[in-house]
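Single-structure report; data block below.
What follows is calculated from the coordinates using simple rules that are stated; it is not laboratory data. Please read these numbers as outputs of a predicted model, since none were measured by experiment. Positions of Cβ are generated from backbone atoms using ideal geometry, with glycine treated the same way; all protein chains shown enter the neighbour counts.
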Amino acid sequence: MSPLQLILASTSPYRRSLMERLRVSFSTMDPDIDEKLLPDESAVQRASRLAQSKCEAPSVNGALVIGSDQVACLDGKILRKPGSADNAIAQLMQCSDRTVVFWSAVSVRSTVTGHHKQRLVPSEVQMRPLTLPEIERYVAADNPLDCAGSFKWESLGITLFQRIKTEDPTALEGLPLIALCELLRFHGLALPLSAQLTEH
C-alpha cells in the first residue's frame, strides 16, 4: 500500500534538501502564515507556534503535512535573520565567545485522522572568540544573510565554533530528521521505505 501523500509546508531550500535525504516522495507548499513576533513570546513558544501553524495551513486530503520552524536566541533574546552583510557581521560579533541556542520544532499532522504531534529539539552552539577580520571574511565567503545566527553550520560556519551540543545535528539546518522520522512512525509511515515507494 502506498503511503499518504507527504507535504512539506515550507519554501526553504534547506528544509527541502534535508527532506530529500529520507528518499521519500514529497511535495512542497507555501504555508503563507504570518510570522511576526508576538509580544513577550519566548523562542520556544515561537518555534512551537510557527511549526504548528505551518502544518495546519495546507487544506488537502489524504496527506501528512510537515511544518517546521527554528528560532535562535542569545541570552533569551531572539536573533533574526540578518538580511545584510553589515547585520550579519554585527550579529556574529555579538555572539563571539558565547553560546547561541537554537530551538527547532517539527510538527506532523494527518489530514485523515486529524492527529497532530510535535517535537522540539534544542541545539547549543558555543562560538569561539572571533575577531572582526575573521567574521568579515566568513560573511563574504558564506553569505549567511538568510540564516538566524548569521552562519551556515553545514558549510564554512563550522570554522566559527568551539562545540555543538544537540541530540540531532540536522536540527541546526532547520529540520530535525531524527525527530521527524519518529513523528512519521507515529502516523504509520516507517522509514526507510521500500525502493518502489521512494520515486519522486
Magnitude of the Cβ-charge dipole (Lys and Arg +1, Asp and Glu -1) of the stretch 5-197 about the Cα centre, nearest 20 debye, reported as 420 debye
For helix 177-186, report the angle its Cα long axis makes with the longest principal axis of the Cα atoms of the chain; keep it between 0 and 90° and round to the nearest 10°.
-> 20 degrees
Nearest-20 debye value, the stretch 18-112 charge dipole, Cβ charges on Lys, Arg, Asp, Glu = 240 debye
Labelled set (1) 70, 40, 32; (2) 53, 39, 32; (3) 56, 39, 26; Cα extents along the principal axes in Å computed from this model equals the value at (3)
Along the charge dipole of the stretch 5-197, which of L74, L38, L193 sits closest to the positive end, that is, farthest toward it, with unit charges on the beta carbon of Lys, Arg, Asp and Glu (+1, +1, -1, -1)?
-> L193
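Please tell me the relative contact order of the chain in percent, rounded to the nearest whole number, where contacts are Cα pairs under 8 Å and at least six residues apart.
Working: 404 pairs, mean separation 46.3, N = 200.
Relative contact order of the chain: 23 percent.
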Rounded to the nearest 500, what is the chain's calculated 222 nm mean residue ellipticity when only DSSP H runs of at least 4 contribute -39500 (n - 2.57) each, over all residues?
-> -8000 deg cm²/dmol
Mind checking the log10 I(q)/I(0) for the stretch 124-170 at q = 0.14, 0.17, 0.20 Å⁻¹? Debye, one equal scatterer per Cα, no solvent, two decimals.
-> -0.32, -0.47, -0.65
Could you give me the ³J(HN,Hα) list for the stretch 25-41, computed from phi with Karplus coefficients 6.51, -1.76, 1.60 and θ = phi - 60°, whole Hz, x at Gly and Pro?
-> 5, 8, 10, 10, 8, 6, x, 6, 10, 7, 9, 5, 5, 9, x, 6, 7
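Please work out how many pairs of lysine residues in the chain are eight or more positions apart (or on different chains) and have Cα atoms closer than 19 angstrom.
Numbers: K36/K54; K36/K77; K36/K81; K54/K81; K54/K117; K81/K152; K152/K165.
Taking the Cα cut-off of 19 Å, the pair count is 7.
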